[in-house]
Amino acid sequence: MELLFEKTVSGRQTSYIPELEVPFYQYEDKYLNEQSLDFPELSELDVSRHYSELERRTFGINQGFYPLGSCTMKYNPRFHEQVASLPGFCDIHPLQSLESVPGAKFIYEKSEELLCKITGMDYMSFQPAAGAQGEFLGILLIKKFHEKNGEGGTRSKILIPDSAHGTNPATAALCGLNVVTVRSTNEGYMDLNHLRELANTEIAGLMLTNPNTLGVFDPNICEITKIVHEAGGLCYYDGANLNPIMNIARPGDMGFDCIHLNLHKTFSTPHGGGGPGAGAVGMKELLKECYDEVWKVKAFHGHFLVVVRALCYLLTLGEKGIRDSAVQSVLSANYMKKQLEDTFTIKQKGFCMHEFVITLEEESKNYGFRALDVAKAFIDYQMYPPTMYFPQIIPEALMVEPTETESKETLDYAVEIYKKVYQDLKRDPDSAKDYPKTTPIHRPDEVSAARNPKLRWRKET
Amino acid sequence: MGNYLGVTKEQQEEMKHVLNIQSTDDLYRDIPDSIFQKEGTDLKEGLSQLEVIKIMKQKAATNTIYASCYRGAGAYRHFIPPIVDLIAQKESFVTSYTPYQPEISQGILQIIFEFQTLICMLTGMDVSNASVYDGATAAAEAIAMCVEKQKKHVLISETINPEVKMVLKNYEFAFGIELEFIPEKNGKTDLHALPSLITENTACIYVESPNFFGILEDLDTYSTLVKEKGIKSILGVNPMSLGILKSPSVYGIDIVVGEGQPLGIPLSYGGPYLGFMATKQELVRKLPGRIVGETIDHDGKRAFVLTLQAREQHIRREKASSNICSNQALCALRASVYLSVVGPNGFRQVSNSCAANAHYLAEEMFKIHGFYRGYPGEFFHEFVSVSQIPSNDIIAKLEEHHILAPLPLSENKLLWCVTEVNQKEEMDFVLSLLKEVSEDGIAI
């Protein structure tokens with residue numbers, strides 16, 4: 001498809017603002033841009049059609065099943081968008097006086113109250129722009145806590161399980177902490193003996209996702225946080241997987257001191273093709289003073305309009321609807337898992353939480369088709385593939401998270417297709433590389449994209 | 001009330017039957033009893049959509065929307081062509097995930113590729129990423145690109161936006177870098193003081209132009225100094241100024257960053273906004289965040305993919321150059337649509353209009369008795385006034401007429417911002433109010 005720049009026609013333009021009513025201001029030459037800007041010259045209609053065509057080439061939740069493990073791609077209620085575009089929310093300046101924005105104050109206070117209740121935290125900050133920035137703030141809180149206690153120099157290690165999201169170790173390392181990896185047991189739980197070995201006076205704390213990325217809730221969770229606390233460390237909860245336990249088990253009760261929530265996963269604010277999200281950070285009283293020193297991780301007040309959407313969700317569902325959603329996410333995941341078990345190798349043996357991990361290790365060895373091939377074949381059935389090759393500790397992984405908003409009919413259809421694709425590939429593994437067949441492009445050459453990066457369009461000369 | 005569950009009560013029973021469980025509590029066997037919250041009667045029900053919309057509309061209506069606005073300082077009210085809103089509301093764009101599966105994500109990938117190109121055109125730089133959280137985090141990430149183990153000293157101008165300053169101070173604590181400020185003199189970075197501040201451990205320098213006071217910095221001098229010392233230069237820009245002002249690339253800047261909010265993104269009480277980052281080709285592998293590249297598919301057809309992922313956290317974990325995992329795709333889309341519909345001439349017109357209106361207001365204001373320019377030096381669309389009348393009196397006067405007053409910097413200093421939306425009649429009204437205040441002030 002042509003790019004905006006390739007559709008340009010010199011002189012084509014729409015008028016948006018009036019002619020100057022005041023004298024033109026002439027800058028001295030040394031300030032002026034002599035080069036012309038190469039932006040496209042298009043009519044509104046050209047632009048409208050361009051983006052309509054791009055929309056057809058974008059797969060959203062509105063188009064089909066989106067079981068991306070760890071991403072919680074639940075339905076994003078449409079009325080949230082309408083609320084978030086109310087002028088009273090959109091047209092207010094971040095540096096207006098607090099007295100002039102009682103509505104914005106309500107959004108933050110009410111969201112804080114409701115989210116603290118769900119998580120068992122004392123305070124909730126909406127500064128961070130995303131989950132990764134939430135982690136950043138959380139680790140800064142922990143760092144500040146030890147610094148205030150005169151242990152800033154000595155507590156330089158952070159414990160992170162091998163199943164963690166990549167952002168956890170990346171965040172800790174950015175904050176100058178040394179990452180120490182804690183092993184998982186075969187069941188996917190944290191290895192308590194290993195943890196005990198590692199928990200000493202050099203640790204700043206622990207970063208943990210629970211349920212973890214293998215989709216299992218760690219039954220030793222209270223013991224884990226106790227071990228860390230006894231060693232003088234603090235416990236950070238990565239809320240990426242809070243969805244299955246909302247109003248069922250609270251991170252605060254598990255013993256966590258601070259947490260982040262991905263409002264764009266758990267609280268249904270849309271992903272927007274990669275952002276903006278929002279990473280609310282919850283903390284217990286003991287960290288409040290530290291927060292006052294390190295809160296500023298981005299300009300102004302965080303992603304206000306994202307918080308507006310999350311509050312719409314919280315108000316509509318209520319505590320009961322929130323709990324029902326959590327339960328259904330688990331029920332739906334287990335329902336799918338149960339029916340796929342006779343065909344696929346699935347890591348979790350008992351009940352999973354909101355997601356489960358298929359491994360195609362055997363198939364890739366015995367038949368020569370890989371997780372990637374299975375995923376790509378699903379695309380031809382109008383569904384987004386599961387998360388691939390994550391968690392990294394499971395070879396040839398496909399991670400499936402159906403979410404509570406999908407219908408039973410969709411789950412049944414997905415099960416049928418997953419099995420069909422599996423059988424098709426087993427029968428004809430040579431065809432594996434041909435999928436997907438129905439998309440605007442076939443598999444792209446990612447190797448040459450990285451080797452000879454072409455990261456922008458340039459006018460041909 | 002609502003819950004958006006896709007499964008009926010009856011179907012839930014069927015599912016439970018398939019799983020051979022009596023109660024959904026059985027699914028949670030791993031959760032210790034001591035922390036398990038059983039399904040209780042005290043759980044509050046939610047509200048209907050009708051009720052929630054009503055509440056939210058009521059709350060939104062309590063926020064003051066000013067009829068006109070003279071406050072900027074990092075967030076700017078501009079005209080947003082309605083088509084920007086409509087395209088950004090397309091359901092697939094709103095609800096899709098980060099484009100991990102290129103075959104069904106060509107739309108979002110192409111949008112980001114076009115955004116990267118537009119940012120390169122705007123700044124004159126070679127490459128751009130898919131965007132970061134906001135202008136402040138873009139500045140912080142740019143600094144992180146330059147810092148090395150042995151070079152952790154970073155110089156920052158005192159004239160940068162205080163919001164950015166606060167974020168950078170926080171990154172200083174996080175990264176263990178050493179920030180030092182270049183003093184301000186007459187509203188500008190004191191470049192005479194700069195050479196003596198540079199040490200052999202200095203990694204980079206960050207300056208903004210227009211700076212917080214609206215003043216254009218001496219970028220020629222700045223870039224010459226920095227080049228002589230072999231230090232990386234980072235420049236923060238207001239994208240709207242680049243419709244008329246010299247492209248940062250002309251000065252040989254290494255990394256250009258900024259807040260993209262002026263490009264079609266509403267004020268939204270501060271977010272979500274759009275951080276952009278552009279750099280030279282040789283620094284591309286240090287650039288954080290998502291980057292989209294062009295390639296071909298197996299049939300030779302043009303295709304776009306996320307690329308250079310070896311830099312990123314999901315591959316490199318603790319060795320990654322940044323922990324960034326998302327970008328502001330939907331805000332980047334808004335900026336792209338904005339720049340596409342206004343085009344090069346429209347963009348220049350908006351830029352000119354901001355400058356002309358701001359200079360008109362300033363010129364007329366400083367004819368009023370008791371009002372003086374805060375700082376000499378050329379500016380874009382923000383400037384500082386000093387007056388004998390207390391800032392609060394001026395603010396109160398404007399507030400009476402539903403005008404969002406300039407940002408008070410001190411008891412007698414105000415930071416004004418004027419854009420294309422402030423029309424002459426409106427500015428003349430403000431000037432008449434200032435005259436009244438001035439006369440009242442003198443009468444006392």
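Can B:I31 be described as under 30 Å from B:P262 (Cα atoms), free of Cβ contacts under 8 Å to residues at least 12 places away in the same chain and either assigned by TED's automatic domain parsing to the domain that holds B:P272 or buried (at least 17 other Cβ atoms within 10 Å of the Cβ) (or both)? Judged against the criteria, B:I31 is not a match. For A:F378, state whether it is modelled with pLDDT under 95 and under 21 Å from B:Y100 (Cβ atoms). So A:F378 fails the test.
Residues checked against (1) on the phi > 0 side of the Ramachandran plot; (2) in the same structural domain as A:K408 (by TED's automatic domain parsing); (3) over 41 Å from the mean Cα position of the chain (by Cα):
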| site | (1), (2), (3) |
| --- | --- |
| A:G11 | yes, no, yes |
| A:S15 | no, no, no |
| A:E19 | no, no, yes |
| A:Q26 | no, no, yes |
| A:Y31 | no, no, yes |
| A:L37 | no, no, no |
| A:D46 | no, no, no |
| A:S52 | no, no, no |
| A:Y66 | no, no, no |
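Please go through region A:430-461 and give me each residue that is without any contact (Cβ under 8 Å) to a residue 40 or more places away in the chain and assigned to a loop (DSSP other than H, G, I, E, B), ordered by number. Result: A:I441, A:H442, A:D445, A:N452, A:P453, A:K454, A:L455, A:R456, A:R458, A:E460, A:T461.
Of the residues A:T343, A:T387, A:T316, the single one that is open to solvent by 10 Å² or more (accessible area, probe 1.4 Å), of a type in the set (S, T, Y) and under 30 Å from A:L115 (Cα atoms) is A:T387.
Yes or no: A:M121 touching a Pro at 6+ places or on another chain (Cβ under 9 Å) and farther than 20 Å from A:L311 by Cβ? So A:M121 fails the test. For region A:152-171, a tally of residues being open to solvent by less than 10 Å² (accessible area, probe 1.4 Å) and either touching a Phe, Trp or Tyr at 6+ places or on another chain (Cβ under 9 Å) or not assigned by TED's automatic domain parsing to the domain that holds A:N241 (or both) returns 4.
Scanning region B:227-243 for residues that are open to solvent by 10 Å² or more (accessible area, probe 1.4 Å) and under 30 Å from B:R77 (Cβ atoms) returns B:V237, B:N238.
Every condition in (1) within 8 Å of chain B (Cβ to nearest Cβ); (2) exposed (fewer than 12 other Cβ atoms within 10 Å of the Cβ); (3) among the hydrophobic types (A, V, I, L, M, F, W, C) holds for A:L20 except the one numbered (2). Selection over region A:110-158 of residues that are farther than 22 Å from B:K59 by Cα and without any contact (Cβ under 8 Å) to a residue 40 or more places away in the chain gives a count of 5. Within the option set A:S431, A:S448, being more than 28 Å from B:R290 (Cβ to Cβ), within 14 Å of another protein chain (Cβ to nearest Cβ) and open to solvent by 10 Å² or more (accessible area, probe 1.4 Å) holds for one residue only, A:S431. Restricting to region A:217-230, name every residue that is of a type in the set (S, T, N, Q) and either open to solvent by less than 40 Å² (accessible area, probe 1.4 Å) or assigned to a helix (DSSP H, G or I) (or both). A:T225 - this is the single residue of region A:217-230 that is of a type in the set (S, T, N, Q) and either open to solvent by less than 40 Å² (accessible area, probe 1.4 Å) or assigned to a helix (DSSP H, G or I) (or both). Looking at the structure I just gave you, is B:E103 of a type in the set (D, E), within 22 Å of the chain's Cα centre (by Cα) and open to solvent by less than 50 Å² (accessible area, probe 1.4 Å)? So B:E103 fails the test.
Applying the criterion of being surrounded by fewer than 17 Cβ atoms within 10 Å (Cβ to Cβ) and of a type in the set (V, I, T) to the residues of region B:264-315, the residue that is farthest from B:V237 (Cα to Cα) is B:I296. None of A:L214, A:L206 is of a type in the set (A, V, I, L, M, F, W, C), outside any helix (DSSP H, G or I) and open to solvent by 10 Å² or more (accessible area, probe 1.4 Å) except A:L214.
Going by the structure shown, is A:R155 in a helix (DSSP H, G or I) and either at pLDDT 95 or above or farther than 30 Å from A:G277 by Cα (or both)? Against the criterion (in a helix (DSSP H, G or I) and either at pLDDT 95 or above or farther than 30 Å from A:G277 by Cα (or both)), A:R155 does not qualify.
Is at least one residue of region B:170-186 assigned by TED's automatic domain parsing to the domain that holds B:V256, at positive phi and open to solvent by 10 Å² or more (accessible area, probe 1.4 Å)? The answer is yes; a qualifying residue exists. Can you pull out the residues in region A:369-419 that are part of a loop (DSSP other than H, G, I, E, B) and more than 10 Å from chain B (Cβ to nearest Cβ)? A:F369, A:R370, A:Y381, A:P386, A:P391, A:I393, A:I394, A:P395, A:E396, A:E401 - these are the residues of region A:369-419 that are part of a loop (DSSP other than H, G, I, E, B) and more than 10 Å from chain B (Cβ to nearest Cβ). For region A:75-90, a tally of residues being at the interface with chain B (Cβ under 7 Å from one of its Cβ atoms) and in contact (Cβ under 8 Å) with a residue 24 or more places away in the chain returns 8. Could you please find all residues in region A:1-10 being at pLDDT 95 or above and touching a helix residue (DSSP H, G or I) at 6+ places or on another chain (Cβ under 9 Å)? Residues satisfying the conditions are A:E2, A:L3, A:L4, A:F5, A:K7, A:T8, A:V9. Of all the numbered requirements in (1) modelled with pLDDT of 95 or more; (2) assigned to a loop (DSSP other than H, G, I, E, B); (3) surrounded by 19 or more Cβ atoms within 10 Å (Cβ to Cβ), B:I21 misses one, and that requirement is (3). Scan region A:131-149 and give yes if some residue there is open to solvent by 10 Å² or more (accessible area, probe 1.4 Å) and either in a loop (DSSP other than H, G, I, E, B) or in the same structural domain as A:I322 (by TED's automatic domain parsing) (or both), otherwise no. Yes. When you check B:I156 against the structure, is it open to solvent by less than 10 Å² (accessible area, probe 1.4 Å), hydrophobic (A, V, I, L, M, F, W, C), within 20 Å of A:T171 (Cβ to Cβ) and more than 7 Å from chain A (Cβ to nearest Cβ), yes or no? Answer is no for this residue. Residues in region B:79-92: is at least one more than 7 Å from every other protein chain (Cβ to nearest Cβ) and over 30 Å from A:I441 (Cα atoms)? Yes, because at least one residue in region B:79-92 is more than 7 Å from every other protein chain (Cβ to nearest Cβ) and over 30 Å from A:I441 (Cα atoms).
Here A:C222 clears all of (1) in contact with a Phe, Trp or Tyr (Cβ under 7 Å, 6 or more places away or on another chain); (2) free of Cβ contacts under 8 Å to residues at least 60 places away in the same chain; (3) within 24 Å of A:S156 (Cα to Cα) except the condition numbered (1). Within region B:45-73, residues that are facing chain A (nearest Cβ under 7 Å) have Cβ atoms under 7 Å from residues that are in a loop (DSSP other than H, G, I, E, B) and modelled with pLDDT under 95 in these pairs: B:E45/B:M1; B:G46/B:M1; B:G46/B:G2; B:L47/B:M1; B:Q49/B:G2, counting only partners at least 6 apart in sequence or on another chain. Here B:I253 qualifies as surrounded by 23 or more Cβ atoms within 10 Å (Cβ to Cβ), closer than 21 Å to B:E148 by Cα and within 22 Å of the chain's Cα centre (by Cα).
Condition first: of a type in the set (A, V, I, L, M, F, W, C) and within 14 Å of chain A (Cβ to nearest Cβ). Now tell me which residues in region B:364-397 satisfy that. Scanning region B:364-397 gives B:M365, B:F379, B:F380, B:F383, B:I395, B:A396.
The values are calculated or read from the model by the stated rules, or taken from the named source; none is laboratory data. Source: prediction; values computed, not measured. Ideal geometry is used to build each Cβ from the backbone, glycine not excepted, and the neighbour counts take in all protein chains shown. Accessible surface areas use protein heavy atoms only, side chains included; no ligands, DNA or RNA. Shrake-Rupley method; radii C 1.70, N 1.55, O 1.52, S 1.80 Å.
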